Amino acid sequence: MAVDLSGLVYCDLSGASLLLSMEAAHGAALPILGAVPHVTALLARARASVTPAGPRAATRSASPNLVRAVGDAIAYLGEVVCAVLFLPARRRMLRWPDLLRFADQAGVRAIPLIILLGYLMGLILAFQSAVPMRRFGADLYVANLVAISLLRELGPLLAAVILAGRTGSAFAAEIGSMKVNQEVDALVTMSIDPVTMLVLPRLMAAILVMPALALILDVAGLLGMTTVMTGFGYPLITIARQVQAAATPLDLFGGLFKGMCFGSAVAVISCFAGLNTGVGPRAVGQAATAAVVGGIVATIFLDGLFSILFYRLGL
Amino acid sequence: MSAIRVSGVTQRFGARTIFRDVSFEVRDGEVFTILGGSGCGKSTMLNQLVGLLAPTTGTIEVLGHTITGKAGAEGRHAMQREVGVMFQSGALFGSMTLLENVMLPLEIFTDLPPDGRAAVARMKLGLVGLGHATALMPAEISGGMAKRAGIARAMALDPPLLFLDEPSAGLDPITSAELDRLILGLRDDLGTTFVVVTHELASILAIADRCVMLDRNAFPDAGGMIAQGDPRRLRDESTHPMVRAFFRREIPE
Ligand SMILES: Nc1ncnc2c1ncn2[C@@H]1O[C@H](COP(=O)(O)OP(=O)(O)OP(=O)(O)O)[C@@H](O)[C@H]1O
Ligand SMILES: [Mg+2]
């Protein structure tokens with residue numbers, strides 16, 4: 001077999017590479033007949049540029065090794081604990097304006113959403129439970145039910161889910177893009193501890209704002225419930241008495257404490273996702289997703305633990 | 001005394017050996033350059049020298065601290081207090097102005113009052129020709145400006161050892177020459193040691209006291225070191241085809 005190029009007057013690099021791939025498919029060099037000089041030169045140049053592909057380097061993100069991931073997570077938790085313990089010596093690495101900025105971003109700006117969702121939640125809960133309760137003539141007790149479930153469970157849980165979705169993703173994306181841009185490396189070479197400078201202010205902001213968010217959500221939910229109950233014709237004073245009788249301060253503070261724990265879990269996990277951002281443009285998005293998923297899963301997991309704990313303690 | 005001692009360092013990423021068995025020494029108070037084609041592992045080498053990447057094998061000693069091996073973590077921490085690093089991308093903190101970027105190390109590691117910090121930071125930015133841009137954010141400046149701001153930040157604490165990754169890439173010839181003059185000035189006046197990664201031939205011949213040259217194809221199956229010494233002598237005397245190609249643009253057929 002031979003290639004006859006005698007009719008060919010012009011050939012570009014793409015044409016040359018097509019000819020070469022034909023040759024490669026054939027398995028051996030083909031005699032080229034009648035090519036004009038510029039085509040011969042072009043083919044020689046294209047031939048010289050063909051190099052066997054090197055082995056693909058295995059990157060960290062290519063092989064998500066479970067054992068190493070767990071090891072990394074444990075090491076990171078240790079670093080967070082160390083950062084807290086050594087904070088007096090490293091207090092200058094914690095920048096207070098950062099803390100205020102994160103508290104504003106995670107807390108103040110979330111308030112409208114918290115109020116809206118809390119109110120709707122109270123409204124829906126009250127309405128849905130009123131229908132079956134009415135059959136037993138017990139619709140007054142909807143107030144008790146909603147108050148207890150909001151203060152003990154739904155308030156902190158929903159606030160944590162909102163924190164994970166709104167703020168956890170932002171934490172992970174911010175730290176992730178710093179990682180991609182080598183800013184985290186720069187911190188390390190400046191002997192500034194990245195955990196102290198990047199994670200602690202976010203963690204403190206989350207711990208600070210979560211009880212407030214949960215409390216606001218509780219109040220908004222109770223208002224939603226009150227809306228439904230007054231619609232059913234109950235006077236405000238009756239509803240208030242009912243709530244007062246059902247919910248103890250212990251329910252409220254237990255819930256707020258849970259909220260604090262959920263908030264710290266969300267912050268720690270989303271910062272971990274950010275610090276573990278891989279390479280490439282998709283990595284930051286993946287880190288944000290991991291932060292939200294991890295934050296919500298951890299919150300619900302912790303909530304289960306709290307249920308067992310509170311039950312054992314008889315709270 | 002040598003500022004850095006590298007012996008038998010190999011770096012593998014998965015199946016690829018980026019370089020094998022690299023050894024060199026950087027003497028106190030000299031400008032040392034790491035040369036080589038794009039992708040031969042210069043930034044990787046630099047990451048090892050500043051303690052961000054542990055070499056697969058080999059030992060590295062920087063300013064008397066051993067930063068590799070089992071006890072390397074302590075050495076790395078001690079070493080990182082004494083060096084300044086400029087990354088290839090600048091790696092400025094995106095949420096701070098240039099002035100705040102340079103002030104950050106001063107804020108954390110010195111007891112200067114705020115106006116003293118600002119004065120020092122302004123002076124460092126002025127040295128790299130950015131005195132007019134101190135209030136800009138990293139997103140608002142050009143690539144060459146980001147590099148120079150990175151140099152100013154690396155110099156913030158007047159470290160005795162500075163690492164610069166391609167300081168003059170992307171700069172015009174005048175700014176690049178000014179930067180070369182700054183590097184030589186700091187070497188002569190303060191005795192600062194420099195490790196500079198660069199491809200700029202003019203810059204290498206102007207500033208480098210000694211150099212090491214890496215190549216992707218030093219071994220049949222791996223990259224490595226192909227030459228080291230005074231770059232002017234390498235240019236005039238080396239017989240290695242890649243060294244000749246680099247310095248004299250004589251590309252082997
Ligand atoms: N984390 C990593 N995982 C896998 N391979 C890597 C990694 N980092 C670098 N490499 C590979 O190492 C080689 C050297 O990269 P490096 O960035 O050190 O090159 P360089 O000499 O600095 O190039 P340039 O002059 O273009 O900056 C490249 O081929 C790159 O693919
Ligand atoms: Mg590089």
Q: Step through the residues of the range A:188-198 one at a time and calculate ³J(HN,Hα) from phi using the Karplus curve (6.51 cos²θ - 1.76 cosθ + 1.60, θ = phi - 60°), rounding each to whole Hz and writing x for Gly and Pro.
A: 4, 6, 8, 6, 9, 6, x, 5, 5, 7, 9
Q | Farthest positive-ward along chain A dipole, Cα basis, beta-carbon charges - from A:A126, A:P249, A:F306 | A | A:P249
Q) Once phi is turned into θ = phi - 60°, what whole-Hz ³J(HN,Hα) does the Karplus curve with 6.51, -1.76 and 1.60 give for every residue of the range A:167-178, x standing for Gly and Pro? A) 9, x, 5, 5, 4, 5, 5, 4, 5, x, 6, 5
Q: Summarise the partner chain shielding of B:99-109 as one whole number: the mean count of Cβ atoms from other chains within 10 Å of each residue's Cβ.
A: 3
**Q.** Nearest-0.05 FRET efficiency for B:S2 and B:D236, computed from C-beta distance (R0 22 Å)
**A.** 0.30
Q | Accessible area (Å², 1.4 Å probe, nearest 10) - A:I111 | A | 50 Å²
Q. Between A:I124 and A:R101, what FRET efficiency follows from the Cβ-Cβ distance if R0 is 35 Å, with the result rounded to 0.05?
A. 0.55
**Q.** Net length gained if the chain between A:Y10 and A:M133 were fully extended (0.36 nm per residue, minus Cα distance)
**A.** 35.6 nm
Q | Distance between modelled label sites at A:R109 and B:E82, nm, 7 Å Cα→Cβ extension | A | 4.4 nm
Q | Inter-probe distance in nm under a simple model that places probes 7 Å from Cα toward Cβ, at B:D115 and A:L18 | A | 7.5 nm
Q.
Give the lysines whose C-alpha is closer than 18 Å to that of B:K147, dropping any in the same chain fewer than 8 places away, or say none.
A. A:K179, B:K42, B:K124
Q: Quick one: work out the % antiparallel among DSSP beta bridges in chain B, nearest 5.
A: 55 percent
**Q.** Table column - 3J(HN,Hα) (Hz), the range A:118-132, Karplus curve with 6.51, -1.76, 1.60, x for Gly and Pro
**A.** x, 4, 4, 4, x, 4, 5, 4, 5, 5, 5, 7, 5, 4, x
(Q) As an exercise, use a Förster radius of 60 Å and the Cβ-Cβ distance of B:H132 and A:T227 to find the FRET efficiency, rounded to the nearest 0.05. (A) 0.50
Q.
Taking amide H atoms as placed 1.01 Å from N in the peptide plane, list the residues 5 or more away in sequence, or in a different chain, whose amide H sits under 5 Å from that of B:R27.
A. B:A3
Q: In whole angstrom, note down how far apart the Cα centers of the range B:227-244 and the range B:83-105 are.
A: 35 Å
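Test of understanding: what is the full-extension gain from B:R249 to B:I174, defined as 0.36 nm times their sequence separation minus their Cα-Cα distance? Write down the numbers at each step before the final one.
Working: separation 75, 0.36 × 75 = 27.00 nm, distance 2.31 nm.
Using 0.36 nm per residue and subtracting the Cα-Cα distance, I get 24.7 nm.
Work out how much length A:H26 to A:V293 would gain on full extension: take 0.36 nm times their residue separation and subtract the Cα-Cα distance, in nm to one decimal. Please report the intermediate quantities before stating the final value.
Details: separation 267, 0.36 × 267 = 96.12 nm, distance 5.17 nm.
That works out to 91.0 nm of additional length.
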Q. Counting only residues 5 or more places away or on other chains, whose amide H sits under 5 Å from the amide H of B:R16 once H atoms are built in the peptide plane?
A. A:A58
Q.
Nothing charged except the Cβ atoms of Lys and Arg (+1) and of Asp and Glu (-1): what's the magnitude of the dipole of the range B:2-248 about its Cα centre? Round to the nearest 20 debye.
A. 580 debye
Q: Extending each Cα 7 Å along its Cβ direction at B:M123 and B:K70, get the distance between those two points in nm, one decimal.
A: 4.6 nm
Q: Sum up the charges of everything whose Cβ sits under 12 Å from the Cβ of A:F310, counting Lys and Arg as +1 and Asp and Glu as -1, but leave A:F310 out.
A: 0
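Quote the relative contact order of the range B:2-248 in percent (integer), defining contacts as alpha-carbon pairs under 8 Å separated by 6+ residues.
Working: 492 pairs, mean separation 63.7, N = 247.
Computed value for the range B:2-248: 26 percent relative contact order.
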Q.
Quick query: amide H of B:I226 versus all other amide H atoms, modeled in the peptide plane; which residues come in under 5 Å with a sequence gap of 5 or more or a different chain?
A. B:M213, B:L214, B:D215
Q. Can you list the aspartates and glutamates whose alpha carbon is less than 14 Å from that of B:K70, not counting same-chain residues fewer than 8 positions off?
A. B:E61
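The values are calculated or read from the model by the stated rules, or taken from the named source; none is laboratory data. The structure displayed is predicted, hence computed values, not measured ones. Positions of Cβ are backbone-derived with ideal geometry, glycine not excepted, and every protein chain shown enters the neighbour counts. Side chains are part of the model used for accessible areas, which takes the heavy atoms of the whole protein and leaves out ligands, DNA and RNA. Shrake-Rupley method; radii C 1.70, N 1.55, O 1.52, S 1.80 Å.
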